[in-house]
Amino acid sequence: MSKANVIRPYVEKTVAELLGTEHLEVLPDGTIPIGIKHTVMYVLLTDTDPPNLRVFAPVVKDVNKTPELLERLNELNSQTMRGRLFWVDGQIIIATDLLATDLDRDEVGNALQFVGSSAAIYQDEFSKSFGGSLVSPEEGRPDGAGEGAGSSAPPQNTADPNTLGTNTNADASSPDEAQTTAAGSGTGKPGDPDKDGFSAGYI
């Protein structure tokens, strides 16, 4: 049995507790989708050695890759080590990774809070400055979001990201103010940097 499969029950139990649900939706490939206000957040374990817990969400979709966009992504990525923003397949993705072999509940909650809050913070900027549209949970899962991609059904799991972590400044105006103990790394999913050959906005 892989290390990721050994850790998976703990991750699912922890996420279910954080969401306050006894019936956690898990996609066939192990990805956990979570509907938040204007997007769908995903939690997955990478099948690597050691495995990482990756939390990510599309910020906006239907965005063209331009030099100006990539410059802005690189600028934002240079300002924090807590996560990364990148463009892939018309989507801008916010993501963070945790080393999965030494997880605790607070780390998982803070990662969920960071990604969900960051997606909300950046949606207006990217949609207004670079076009594109928001990803509504009611529209179902975006293309590329693991098995079940393109489904018209919204995720069964839902959350307010600001209630998930231990940060006391979840309504901050920037992700750096909005916390997390996570740092970036990389390995494969919806608009995933390693799978698709993109990372940190550098193309």
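The values are calculated or read from the model by the stated rules, or taken from the named source; none is laboratory data. The shown structure was predicted, so the numbers you read here are calculated from the model rather than taken from an experiment. Please note that ligands, DNA and RNA were not included when accessible areas were found on the heavy atoms of the full protein model with its side chains. Shrake-Rupley method; radii C 1.70, N 1.55, O 1.52, S 1.80 Å.
Relative to the compact globular guide of 2.2 N^0.38 Å, what is the alpha carbon radius of gyration of the range 5-129, as a ratio?
For the range 5-129, the normalised Cα radius of gyration is 1.09.
Tell me, what HN-Hα J-couplings in whole Hz come from the Karplus equation 6.51 cos²θ - 1.76 cosθ + 1.60 at θ = phi - 60° for each residue of the range 53-63, using x for Gly and Pro?
Karplus-based 3J(HN,Hα) across the range 53-63 equals 9, 9, 10, 8, 7, x, 8, 9, 10, 6, 10 Hz.
Calculate one ³J(HN,Hα) per residue across the range 72-77 by plugging θ = phi - 60° into the Karplus curve 6.51 cos²θ - 1.76 cosθ + 1.60, and present them in order as whole Hz with x for glycine and proline.
Per residue, the Karplus-derived 3J(HN,Hα) values read 5, 4, 5, 4, 5, 5 Hz.
How much length is gained on full extension from S136 to L24, taking 0.36 nm per residue of separation minus their Cα-Cα distance?
Extending this stretch completely gives an extra 38.3 nm.
Sorting H38, H23 by accessible area (1.4 Å probe), largest first, what list results?
My answer, sorted largest first, is H23, H38.
Among S133, S117, what's the order by accessible area (1.4 angstrom probe), most exposed first?
S133, S117
Going by amide H atoms built from the backbone, whose H comes under 5 Å of the H on V88, apart from near neighbours?
I93
Using a 1.4 Å probe, what is the accessible area per residue for the range 2-99, in Å²?
It amounts to 42 Å² per residue over the range 2-99.
Taking 0.36 nm per residue of separation and subtracting the Cα-Cα distance, what length does fully extending D104 through L70 add?
8.8 nm
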